[in-house]
Amino acid sequence: MPLETTRFDALEYLRTPEDRVAYIEAAFEDGDPALITHALGDVARSIGMTAVAKEAGVTREALYKALSKKGDPRLSTLLGVTKALGLQLSAKPANPVDVP
């Protein structure tokens, strides 16, 4: 008897703002640009691409293209999308050191 499986859909798990933030944080912690782009796309789709594109100041088509598998969003697009998703990017030391 063959094993029955169902297709995984991340959008089913991105229902609350907290879920979305945790998902994107995990992608950034991994550090893989393709994974970050994919996670941003999943979160944008969970909210609605048209609304996110409008808030980010890009067309819906441009947003789909930037967040596609072959997409490589410009920094301005990335910042616009994160702002549209209600997120703020910040930097912290990769290897914190005790400062005397």
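Each reported figure results from applying straightforward, stated rules to the coordinates on display, with no laboratory input. A quick note: this is a predicted structure, and the numbers were derived from the prediction, not measured. Reconstructed Cβ throughout: ideal geometry from the backbone, glycine too, with neighbour counts over all protein chains shown.
Summary of values
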| read-out | value |
| --- | --- |
| Residues of segment 51-100 classified as among the aliphatic types (A, V, I, L, M), assigned to a helix (DSSP H, G or I) and loosely packed, with under 13 Cβ neighbours inside 10 Å, total | 2 |
| Any hit, segment 3-25, residues being among the aromatic types (Phe, Trp, Tyr), surrounded by 12 or more Cβ atoms within 10 Å (Cβ to Cβ), under 19 Å from LEU87 (Cβ atoms) and without any contact (Cβ under 8 Å) to a residue 24 or more places away in the chain | yes |
| Enumeration of residues in segment 35-50 that are surrounded by 15 or more Cβ atoms within 10 Å (Cβ to Cβ) and of a type outside the set (S, T, N, Q) | ILE36, HIS38, ALA39, LEU40, GLY41, ASP42, VAL43, ALA44, ARG45, ILE47, MET49 |
| Flag for GLU55 being free of Cβ contacts under 8 Å to residues at least 24 places away in the same chain and out of contact with any strand residue (DSSP E or B) (no Cβ under 8 Å at 6 or more places or on another chain) | no |
| Single residue of segment 1-34 satisfying the filter (part of a helix (DSSP H, G or I) and β-branched (Val, Ile, Thr)) that is nearest to the chain's Cα centre (by Cα) | ILE24 |
